[in-house]
2 protein chains.
Amino acid sequence: MSERDEFELNELELKTEEEEISGDGLLLPIEVLLSSGIHIGTRMGMKAMEQFVYRIRPDGLYVLDIKQTDDRIRIAAKFISRFDPSKVVAVSSRLYGRIPVQKFCEVSRTVAVVGRFLPGRFSNPTSTDYVAPEVVIVTDPSADRQAVTEAALVGVPVITLCDTDNSLQDTDLVIPANNKGRKSLATIYWLLAQQVMRERGELSSEETLSVPIEDFETKLLEPSEEVFE
Amino acid sequence: MSERDEFELNELELKTEEEEISGDGLLLPIEVLLSSGIHIGTRMGMKAMEQFVYRIRPDGLYVLDIKQTDDRIRIAAKFISRFDPSKVVAVSSRLYGRIPVQKFCEVSRTVAVVGRFLPGRFSNPTSTDYVAPEVVIVTDPSADRQAVTEAALVGVPVITLCDTDNSLQDTDLVIPANNKGRKSLATIYWLLAQQVMRERGELSSEETLSVPIEDFETKLLEPSEEVFE
């Protein structure tokens, strides 16, 4: 990571989200979204992600523009809902993304690919675990780089959750979001599932998903049995 | 436009496209694409567009990565083909984009909105020229800013041809391309029309559009009758 990949936002004033963001028309009340941390980025800002950054905190953390995250979840859902569910594949190799992806796929009847992504999965029809998606949703383009590369290789549209430290290479549609936090991932995938169901007409635009957000969250084990990646 | 909006690519070596780009699997032979100038950007490089830049010429012109342009035309076509043609709107206010957009819409049976974009067109149902698109294709997000803003306001996915000097604000899917040249615009919209027809199954993947690219080009008038914008 060289110096030029980082951008500066010195001129942005430091504001507090609660004061400045109007929560009108968001998919969830602003307090709920903020408390899930979907807007909390990293300390590294990639240039291509600058357009989604709202401000930089005094401690150096980039904060994403929650309105744009909300907008992109809606747009992504419009796109995803146009495909046969069995041709939509959601991917997460990292631990905290697995339950959210599995729940998303269960609710939306799409295909989950979690855990280690074996090369050839999207690109080699002779692989025993071969799948031929028509659209791929990726949780973390760094951790899931192989999935992104193979989807691009076979010409499949790629939707990715992108944090401020992610590269947008081979990403077609970006959902700017904290793609590392347990609660954030649960919230993003829950909102996406709900919005896909609404776009398909399986839920009305006022109805909410019957499954609670908590079910999309990776549960923490007791400290004695905690698993570290 | 402040200094921080421009990026530097000093470390990129200067190469000639013909030597370096392998034309394998592009939608048209590499020589045809290069001669249409779809890869010729401007002297201004917006940070968010850096990911699509291939090199910077000695004269300071940014050159786009033609492979990515080709890829995004395919992805955009996959997306567009999923919508009812009558709900797909292509927009160009600037002169050189009008004929390409009109031809694209004629071939793909989608809706052309060319010339001056009156406020309210996408957002005010009482306007006499109101249209309610489900996806919008924009030729130049600067010249067509009003269309982009209104599409975002009503939550419609926006696909834009973006040059190196364009902002990606409110753009959901980018087709990186020279969106100023007469030949470039003809080529991009011709390729997009062909690819949409292929994705719909109205053309096979080997068939080419029966309408030649030249028909997508804005004709220059004799110097005596030339119209300046």
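Per-structure values
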quantity	calculated
Ranking of B:M44, A:M197 by count of other Cβ atoms within 10 Å, fewest first	B:M44, A:M197
q = 0.11 Å⁻¹, the protein assembly as shown: log10 I(q)/I(0) [Debye, one scatterer per Cα]	-0.91
Rel. contact order, % - alpha carbon contacts under 8 angstrom, at least six apart, chain A	22
Among B:Q102, B:Q51, B:Q68: highest mean-square fluctuation, GNM of chain B, C-alpha pairs under 10 Å	B:Q51
Under the Karplus curve 6.51 cos²θ - 1.76 cosθ + 1.60, θ = phi - 60°, whole-Hz ³J(HN,Hα) for the range A:83-92, x wherever Gly or Pro sits	9, 4, x, 6, 9, 9, 10, 10, 10, 8
Restricting the range B:123-229 to chymotrypsin sites (Phe, Trp or Tyr not before Pro) in coil, as DSSP defines it, with at most 15 other Cβ within 10 Å	B:Y130, B:F228
Hz values of 3J(HN,Hα) by residue in the range B:204-221 - Karplus curve (6.51, -1.76, 1.60), Gly and Pro given as x	7, 5, 9, 5, 10, 4, 6, 7, x, 4, 4, 5, 8, 8, 5, 7, 7, 7
Projected label distance in nm at B:V211 and B:S86, using a 7 Å step from Cα toward the beta-carbon	2.0
Against the rule of thumb 2.2 N^0.38 Å, how large the Cα Rg of chain A comes out	1.00
Peptide B:166-175 - average C-beta neighbours from other chains (10 Å radius)	3
For the range A:148-229, convex hull volume per residue from C-alpha positions, Å³	139
Packing-based exposure ordering (other Cβ within 10 Å, fewest first) of B:E214, A:E202, A:E150	B:E214, A:E202, A:E150
Within chain B, helix-based [θ] at 222 nm, where runs of 4 or more DSSP H residues each add -39,500 (n - 2.57), nearest 500	-9000 deg cm²/dmol
Ratio Rg/Rh [Cα only; Rh per Kirkwood] for the range B:77-125	0.99
For the range A:18-154, convex hull volume per residue from C-alpha positions, Å³	130
Gain on full stretching of the segment that runs from A:L95 to A:L153 - 0.36 nm per residue minus C-alpha separation	18.3 nm
DSSP loop trypsin sites (Lys or Arg not before Pro) with at most 10 other Cβ within 10 Å excluded, longest remaining stretch of chain B	B:1-115
Relative contact order %, the range B:105-153, counting alpha carbon pairs below 8 Å whose residues are six or more apart	32
Extended-chain gain in nm, criterion 0.36 nm per residue less alpha-carbon gap, A:S142 and A:D59	27.5 nm
Peptide A:153-159, shielding by other chains (average Cβ, 10 Å cutoff)	2
Long pairs among A:K67/B:K103; A:K67/A:K180; A:K87/B:K87; A:K47/B:K180; A:K47/A:K67, criterion Cα-Cα beyond 27 Å	A:K67/B:K103
Span per principal axis, largest first, for the Cα atoms of the range B:104-175 (Å)	36, 28, 21
Projected area, mean over directions - the range B:96-221, Cα convex hull, nm²	8.1
Shielding by partners - mean other protein chain Cβ count within 10 Å, residues of A:67-77	2
Per-residue Cβ neighbour rank within 10 angstrom, fewest leading, A:E206, B:E207	A:E206, B:E207
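Throughout, read-outs are computed from the coordinates displayed, never taken from laboratory work. The shown structure was predicted, so the numbers you read here are calculated from the model rather than taken from an experiment. Methodologically, a virtual Cβ is constructed for each residue, glycine included, from the backbone with ideal geometry; neighbour enumeration extends over all protein chains shown.
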